[in-house]
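For reference, the structure discussed in these notes is given below.
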Amino acid sequence: MTLSQRKDLILVVDDSVDSLSMIHHALEQAGLTALVAMEGAQAISIAEKMIPDLILMDAVMPTLDGFETCRRLKLHPDLAAVPIIFMTGLTDAEDVVRGLEAGGVDYVTKPVRPKELVARIRVHLNNARLAQSAYTALDRLGQASFSTDAKGEWLWGTPQAEQWISITEEKRVYPRKELATQIQCWLARVPQTGDQLALHLPCNALRLRYLGESTAGEHLFRLLHQDEDSEGLLLQNQLRLTRRESQVLLWIAQGKTNREIGQILELSPRTVNKHLEQVFRKLGVENRTSAAAMAFQCLTNS
């Protein structure tokens, strides 16, 4: 049994003592550490104290069923990314859909077959690690990125994005609800890659850059501070421009005229045009459209 296997912590939630005993034994035999809970509220309490790597959730339980328990776990920022596999004796497709809509990643039917269960656990643990590695890499590069569904509901986010959106410890969930409403309205207007939206959230001046649709129904965004010059600095470093040239290019990419850029940067239109000529020369392009396209590509892929 390797050390890495012992680090995998599985929370098993089931109101049947016999089922808990059988699954606990199977997980121990597979080198996985098991925690057990017999009802939903207990599961939430345990998960908040000892964040598991994966949760096995019985669908049908008294008081708080597995579907509602899953929904509540997904509202907790530290638990939102933990994969949840439903265990159910229900064969109706509608109940399977309920589990997936509540936030589950998979389901197994009872009576549980230990070998199949462990195999599914391994797959989802590996997928979760790969996803977390990607989020962490983005975060270390200073990327406050996240994705939502078409309704603006949060799917995943880098640690930096989580921190910016969770404005206060007491009201961590509410900013996401406000954000979802604004994103849903924005997506209804069909934004293009690179478009930006100023957010209206309490105590925080943020804007969004739309990065496009990664898969069907999953939309990618980058969070930016309203007053930060990080994008200008990125263009400056990636495209080898001066600070002024990168600022001009950034506003060109947002559809501003030379006159508007001059007013924003407090430059004459003539000076803006001189900077723009240098930008064209350094990028090897001949017009504003081509320059803007290169800027979008730089900002989206970095």
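Read-outs throughout are calculated quantities, based only on the coordinates presented, and are distinct from any laboratory measurement. Fair warning: this is a prediction, and the values are worked out from it, not measured in the lab. A quick note on method: Cβ atoms are made from the backbone with ideal geometry, for glycine too, and the neighbour counts reach across all protein chains shown.
In this structure, Thr289 and Glu178 have a Cβ-Cβ separation that, at R0 = 30 Å, corresponds to a calculated FRET efficiency of about 0.25.
Computed from label points 7 Å out along Cα-Cβ, the spacing between Gln297 and Gln163 is 3.3 nm.
Give me the distance in nm between label points sitting 7 Å out from Cα along the Cα-to-Cβ direction at Asp18 and Asp195, one decimal. Spacing of the two 7 Å Cα→Cβ label points: 5.7 nm.
Pulled fully out, how much extra length does the chain show between Val60 and Asp78, if you take 0.36 nm times their separation in residues and subtract their Cα-Cα distance?
Contour length minus Cα-Cα distance gives 4.0 nm.
Close amide H contacts of Leu35 (hydrogens built in the peptide plane, cut-off under 5 Å, sequence separation of 5 or more or a different chain): Ile10, Leu11, Val12.
The slack between Gln254 and Glu68, meaning 0.36 nm per residue of separation minus the straight C-alpha distance, is 62.6 nm.
Remark: spin-label model distance Gln42-Glu116 equals 2.7 nm, labels positioned 7 Å along the Cα→Cβ axis. Centre-to-centre separation between the Cα atoms of the stretch 270-302 and those of the stretch 74-125: 49 Å.
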